[in-house]
Amino acid sequence: MGFSSMVVPPRTKQIMVGSPGYTDPHYLRTGIACKKNDVYSLGVVILELVTGMEAFCPKRGQLLTTMVSPKLREIADGGVGVAGMVDLRLGGEFDWEEAKVMLTIAGLCLQQSPTDRPSAAEIMQTMKGKINSIDSRLSLPSPAKGRH
């Protein structure tokens with residue numbers, strides 16, 4: 001009986017792709033992918049919805065997160081500056097408390113360290129608990145039974 005040679009396929013490196021402005025800077029620095037990378041991207045989407053601005057401004061060559069992060073810190077420290085962050089096209093017609101909650105959530109999602117970011121369940125719980133217009137009966141979908 002002889003030894004057979006085993007062919008080991010070369011390791012493939014997984015590459016995460018993303019659009020400018022949405023990709024977690026922690027992932028870009030470390031190459032380590034985790035669930036909290038998506039939480040970061042959610043924070044960017046929330047910022048886009050509240051501010052009416054795009055994640056990346058090609059004219060300025062700037063990321064939305066870079067432009068608004070000082071203002072997000074002010075909001076986290078006391079709610080100052082919320083009105084100045086909301087999309088001007090709304091003409092001031094918005095719920096200040098809802099905007100503050102959403103901007104606070106965005107700020108938490110954009111924390112530098114993924115371990116400091118909330119989970120999706122925590123985000124949903126915060127929205128349900130602090131935004132009156134969200135039906136308190138909303139919940140995360142449960143996994144389908146019988147699927148493998």
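The values are calculated or read from the model by the stated rules, or taken from the named source; none is laboratory data. Please read all numbers here as calculations on a predicted model, not as lab measurements. A quick note on method: Cβ atoms are made from the backbone with ideal geometry, for glycine too, and the neighbour counts reach across all protein chains shown.
Of (1) touching a residue at least 40 places away in the same chain (Cβ under 8 Å); (2) exposed (fewer than 14 other Cβ atoms within 10 Å of the Cβ); (3) of a type outside the set (G, A, S), P58 satisfies all except one. Which?
(1)
Which one of these is modelled with pLDDT under 90, of a type in the set (S, T, N, Q) and touching a Gly at 6+ places or on another chain (Cβ under 9 Å): S136, S142?
Working: S142 fails: touching a Gly at 6+ places or on another chain (Cβ under 9 Å).
Going through S136, S142 in turn, just one is modelled with pLDDT under 90, of a type in the set (S, T, N, Q) and touching a Gly at 6+ places or on another chain (Cβ under 9 Å): S136.
A quick yes/no check of all residues on (1) at pLDDT 95 or above; (2) closer than 29 Å to P20 by Cα; (3) aliphatic (A, V, I, L, M):
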| residue | (1), (2), (3) |
| --- | --- |
| M67 | no, yes, yes |
| G79 | no, yes, no |
| V86 | yes, yes, yes |
| D95 | no, no, no |
| K100 | no, yes, no |
| L108 | yes, yes, yes |
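Give the residues of region 23-60 that are modelled with pLDDT of 95 or more and among the hydroxyl-bearing types (S, T, Y), sorted by residue number.
Listed by number, the residues that qualify are Y40, S41, T51.
Check off (1) farther than 18 Å from Q112 by Cβ; (2) among the β-branched types (V, I, T); (3) under 17 Å from the mean Cα position of the chain (by Cα) for V44 and give me the number that stays unchecked.
That leaves (1) as the condition not met.
Could you check, for region 74-94, whether at least one of its residues is part of a loop (DSSP other than H, G, I, E, B) and either of a type in the set (F, W, Y) or touching a residue at least 60 places away in the same chain (Cβ under 8 Å) (or both)?
Narrowing region 74-94 to residues part of a loop (DSSP other than H, G, I, E, B): 79-81, 86-87, 91-94.
Applying the additional criterion that residues be either of a type in the set (F, W, Y) or touching a residue at least 60 places away in the same chain (Cβ under 8 Å) (or both) yields 94.
Taking every residue of region 74-94 in turn, at least one turns out to be part of a loop (DSSP other than H, G, I, E, B) and either of a type in the set (F, W, Y) or touching a residue at least 60 places away in the same chain (Cβ under 8 Å) (or both).
Quick one: V8 ticks every box in (1) at pLDDT below 95; (2) closer than 23 Å to I123 by Cβ bar one, so which box is it?
So V8 meets the others, but not (2).
Here's the yes/no breakdown for (1) more than 27 Å from K130 (Cβ to Cβ); (2) in contact with a Gly (Cβ under 9 Å, 6 or more places away or on another chain); (3) β-branched (V, I, T); (4) not in a helix (DSSP H, G or I):
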{"residue": "V45", "(1), (2), (3), (4)": "no, no, yes, no"}
{"residue": "L49", "(1), (2), (3), (4)": "no, no, no, no"}
{"residue": "M53", "(1), (2), (3), (4)": "no, no, no, yes"}
{"residue": "R60", "(1), (2), (3), (4)": "yes, no, no, yes"}
{"residue": "M67", "(1), (2), (3), (4)": "no, no, no, no"}
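Tell me, yes or no, whether region 72-82 has at least one residue that is under 14 Å from the mean Cα position of the chain (by Cα) and surrounded by 11 or more Cβ atoms within 10 Å (Cβ to Cβ). I'd like the intermediate steps shown before the answer.
To start, the set of residues in region 72-82 that are under 14 Å from the mean Cα position of the chain (by Cα) comprises 72.
Subsequent filtering for residues that are surrounded by 11 or more Cβ atoms within 10 Å (Cβ to Cβ) retains 72.
Scanning region 72-82 turns up at least one residue that is under 14 Å from the mean Cα position of the chain (by Cα) and surrounded by 11 or more Cβ atoms within 10 Å (Cβ to Cβ).
If the requirement is being in a helix (DSSP H, G or I) and in contact with a Pro (Cβ under 6 Å, 6 or more places away or on another chain), which of these qualifies: K100, K128, K36? Let's see the steps before the verdict.
On the way: K100 fails: in contact with a Pro (Cβ under 6 Å, 6 or more places away or on another chain); K128 fails: in contact with a Pro (Cβ under 6 Å, 6 or more places away or on another chain).
Only one candidate qualifies: K36.
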